[in-house]
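Encoded as structure tokens, the structure appears first; notes follow it.
Bear in mind that the values in this text are calculations on the coordinates, not laboratory data. Small disclaimer: the values here were computed from a predicted structure and weren't measured. Note that we place each Cβ from the backbone using ideal geometry, even for glycine, and neighbour counts take in every protein chain shown.
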């Protein structure tokens, strides 16, 4: 082959490879968009459940659900059972009252801070269809000095859907008990590594679960993998409890987000992680201290594969691992996830590299977690330092 012919072939090969990489990138972005823009309030996760079901089925995974609505895909049929659990739900609202003049009172589903809520758009999910609304607020011109200083209590907030009476609101389809979710379209920011959307908590974890299942499709693993997402995490880790009893895993990883500390005003003690510096490993939260030997196994694996990671400490929050690790006689568990800015608001931001590295780490762990490795993590041999 002549030099010119070789160069031409190399050019075609490079072009095809670049086209494939662009296609994969665009495909992943479309998946992120679908996951984040789909509504999934706690207790009303049916839409996002169906999205996960569709994608897990496309990966030829055996589908397993519990009676609350959690869903996982299963790969394999022998060896230790490894659970990768994200959660389907997002922080949201529940309509509790319709005023005589057509405004909607509500309560939070999950943890909200009043400062981030006023004048934000929401979508009310009714039996007759979705309605756009806005959380009403006073104009600054009429606020007293005292009102300016204080955070408005959520009990005093309301949603405006454009109705002028209770009867008109009901005619639109609203009922007490309907949920509402934030409105925020998925966007790639000018730095294309930064991705903005609602509900990264915890559609980031859902994305990780799906990508891991995709990447292990052709792998001959020495374990059985269950990857998917629970329901009602934001209101008490409820789906995690039922799913743990359904599957009874040997090892579990909660796939979730943590509080990024790389924005103005954030002290390092309040947020240790930074966007783009690697996936987070949860060392402590309000609901769990991870199993020490599993923690060390994860760190060792990350270092073996040169995968960057960050240590996360979150004393003010918890994850599904809080329920999973205490099921039965104890399930060694660990939180693996990504940092996110502005969680538990209408919008959050994550870094593409953190997602990619988290997938790489999880796949590497699954390749190592055979029966011997799991027994070493769960059991104490005669020479184990923990016996000394």
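With a ≥ b ≥ c the root eigenvalues of the C-alpha gyration tensor of the stretch 253-321, is it rounded (a/c under 1.5), prolate (a/b larger than b/c) or oblate?
Oblate, since a/c reaches 1.5 and b/c is not below a/b.
Students often check this: by mean Cβ neighbours within 10 Å, which of 92-104, 226-238 ranks highest, and how do the rest follow?
226-238, 92-104
Once fully extended, how much extra length lies between residue 167 and residue 153, figured as 0.36 nm per residue of separation less the alpha-carbon to alpha-carbon distance?
Stretched out fully, the residue 167 to residue 153 stretch lengthens by 2.4 nm.
Sequence gap at least 6, Cα distance under 8 Å: using those rules, report the relative contact order of the stretch 195-341 to the nearest whole percent.
Rounded, it is 32 percent for the stretch 195-341.
Students often get this wrong: which residues of the stretch 29-44 have the backbone nitrogen under 15 Å from the point 7 angstrom along Cα-to-C-beta of residue 217?
Correct set: 31.
For the pair residue 283 and residue 371, how long in nm is the line joining their label points, each one 7 Å along Cα→Cβ?
The answer from the label model is 3.6 nm.
If I model a spin label as a point 7 Å beyond the Cα along the Cα-Cβ vector, how far apart are those points for residue 143 and residue 119 in nm?
Once both label points are built, they end up 0.9 nm from each other.
With a 10 Å radius around each residue's Cβ, average the other Cβ atoms per peptide and rank 46-53, 114-121, highest first.
Order by mean packing, descending: 46-53, 114-121.
Where both partners of a DSSP beta bridge lie in the chain, what percent of those bridges are antiparallel, to the nearest 5?
Bridges in the chain that DSSP calls antiparallel: roughly 60 percent.
Taking the 0 to 90 degree range and rounding to the nearest ten, how far is the long axis of helix 46-58 tilted relative to the main principal axis of the chain, both from C-alpha atoms?
Around 20 degrees separate the two axes.
Tell me the angle of helix 3-37 to the major Cα principal axis of the chain, expressed in degrees between 0 and 90 and rounded to the nearest ten.
Relative to the chain, helix 3-37 is tipped by roughly 40 degrees.
Grab the beta carbon distance between residue 134 and residue 176, set R0 = 25 Å, and tell me the FRET efficiency rounded to 0.05.
The computed FRET efficiency comes out at 0.80.
Could you state the number of Å between the C-alpha centres of the stretch 291-351 and the stretch 227-255?
Value for the Cα centre distance between the two parts: 14 Å.
With a cut-off of 14 Å, note down the residues of the stretch 315-357 whose backbone N falls inside the zone around a label point 7 Å from the Cα of residue 248 toward its beta carbon.
327-331
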